[in-house]
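Just below is one structure, and these are the notes that go with it.
Every number in this text was worked out from the coordinates using simple rules, so none of it is lab data. A quick note: this is a predicted structure, and the numbers were derived from the prediction, not measured. Here the Cβ is made from the backbone with ideal geometry for all residues, glycine too, and neighbour counts use every protein chain on show.
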Amino acid sequence: MKKFTSVQDVADPKALVDEAIAVKNSEKTSAIGKNKTIGLLFFNSSLRTRMSTQKAAQNLGMEVMILNVNNDGWALEFEEGAVMNGKTVEHIKDAAAVMGLYCDILAIRCFPSLTNKEEDSADKIINQFIQYAKVPVVSLESATRHPLQSLADMITIQEHKTKEKPKVVLTWAPHIKPIPHVVANSFAEWALACEYDLTITHPEGYELSEEFTKGATIEYDQEKALQDADFVYVKNWSSYTDYGKVLPVEEDWMLTNEKLKVSNSAKIMHCLPVRRNVELSDEVLDSENSLVLKQAENRVYAAQTVLKKILETNF
Ligand code: CP
């Protein structure tokens, strides 16, 4: 594996899920990363991604460097040919090249702007790191996808499913501010790659890009979508067509136990952090069917398996 930025970087996604479960259940630590360094670069806040990736790298014997780019680094320039007589201090082509000399693997979190659809869709920051750093790059959530989260989600479904092809429902949830489409995009493409029966439900105006949802059933009626669901993944995202906007929604889309009565005692998933009693109710989050902590735990094994694959194939 040369890089890990989407499900397309993985030859066999189902086999990777099985390998992560094997890592979790048998070889929790190894020395394969001894004398290797990973740089974790954060352009945005994080709790789970930061701690789970650091733990995963340490479990493999790696050295870990962490840089909060916006607070601790120089202000970076991303435009080719820019005349840098303004606020930016260092061009990405220089900064990434230097980081590639210090680190054997770079892992980067860089959210979308939600103001420029074309630039966000081009995933400019992570792709410039890939171009200039010349070392394997891992996405810690980019402008389009969150693949380590999705791999952890697939591990969690694999561990809890009771039938080969469960009905998996991704439901839009309310939020107070514009949220990226990243987790929903990524979850959809991984669930489809794992050949699950995926239904996506959201109010009109919240359609995701077909690049990620082709093959899923789109259902605007949340109650119909939840019928017989085995897993319900709850997530907010802003409008994609009216890019980055929060559109008015009349119906109440917050997930409750009452709404889940039509499901097949569905297991509940959310990537966290979650706005309690806005996206879904306390009673759902704190119920026995909630898998949110299992998902968070599996972030370690998702990251550890991806780093192990990169170490095995590049060094
Ligand atoms: N789920 C997730 O990526 O959490 P953090 O934003 O805290 O890393």
Discussion item. Given a Förster distance of 25 Å, report the FRET efficiency between TYR102 and SER45 from their Cβ-Cβ distance, rounded to the nearest 0.05.
Written reply: 0.60
Worksheet item: Give me the Kirkwood hydrodynamic radius of region 149-295 in Å, from all C-alpha pairs, to one decimal place?
Response: 15.0 Å
Fill in: Gyration tensor verdict on region 110-193 (Cα atoms; rounded if a/c is under 1.5, prolate if a/b is larger than b/c, oblate otherwise)
oblate
Item to complete: Measure off 7 Å from each Cα along the Cα-to-Cβ vector at LYS245 and LYS2, then give the distance between these two points in nanometres to one decimal.
Response: 4.0 nm
Item to complete: With an 8 Å cut-off on Cα pairs and a minimum separation of 6 or more residues, tell me the relative contact order of the chain in percent.
Response: 20 percent
Worksheet item: Among ASN236, PHE212, ALA188, whose Cα sits farthest toward the positive end of the charge dipole of region 182-249 (+1 at Cβ of Lys/Arg, -1 at Cβ of Asp/Glu, about the Cα centre)?
Response: ASN236
Fill in: Separation of the LEU272 and ASN68 label points, Cα + 7 Å toward Cβ, nm
2.0 nm
Response to the item:
Highest mean packing first, using Cβ neighbours within 10 angstrom, the peptides 232-239, 250-257 sort as 232-239, 250-257
Worksheet item: For the chain, rounded, prolate or oblate, judged on the Cα gyration tensor with a ≥ b ≥ c (square roots of eigenvalues), a/c < 1.5 rounded, else prolate if a/b > b/c?
Response: oblate
Discussion item. Let's test the formula: R0 of 51 Å, r as the Cβ-Cβ distance of SER287 and SER30. What FRET efficiency results, to the nearest 0.05?
Written reply: 0.90
Practice prompt. Order the peptides 91-99, 22-30 from the highest to the lowest mean number of other Cβ atoms within 10 Å of their residues.
Written response: 91-99, 22-30
Worksheet, complete the sentence: Computed about the Cα centre, the charge dipole of the chain from +1 Lys/Arg and -1 Asp/Glu charges at the Cβ has a magnitude in debye, to the nearest 20, of 1100 debye
Worksheet, complete the sentence: Which residues qualify? For LYS134, with a placed amide H closer than 5 Å and at least 5 residues away or on another chain, they are none
Worksheet item: Considering only DSSP states other than H, G, I, E and B, which GluC sites (Glu not before Pro) in region 129-218 qualify as loop sites with at most 14 other Cβ atoms within 10 Å?
Response: GLU164, GLU195, GLU204
Discussion item. At a threshold of 8 angstrom on Cα-Cα distance, excluding pairs fewer than six apart, so keeping six or more, what relative contact order does region 149-295 reach in percent?
Written reply: 28 percent
Item to complete: Take each of the peptides 273-281, 177-185, average the number of other beta-carbon atoms within 10 Å over its residues, and list them starting from the highest.
Response: 177-185, 273-281
Practice prompt. Pairs to check: LYS2/LYS177; LYS34/LYS134; LYS117/LYS309; LYS165/LYS294; LYS14/LYS294. Give those whose C-alpha atoms are more than 26 Å from each other in this structure.
Written response: LYS2/LYS177; LYS117/LYS309
Worksheet, complete the sentence: To the nearest 20 debye, region 149-295 has a Cα-centred charge dipole, built from +1 on Lys and Arg Cβ and -1 on Asp and Glu Cβ, of 360 debye
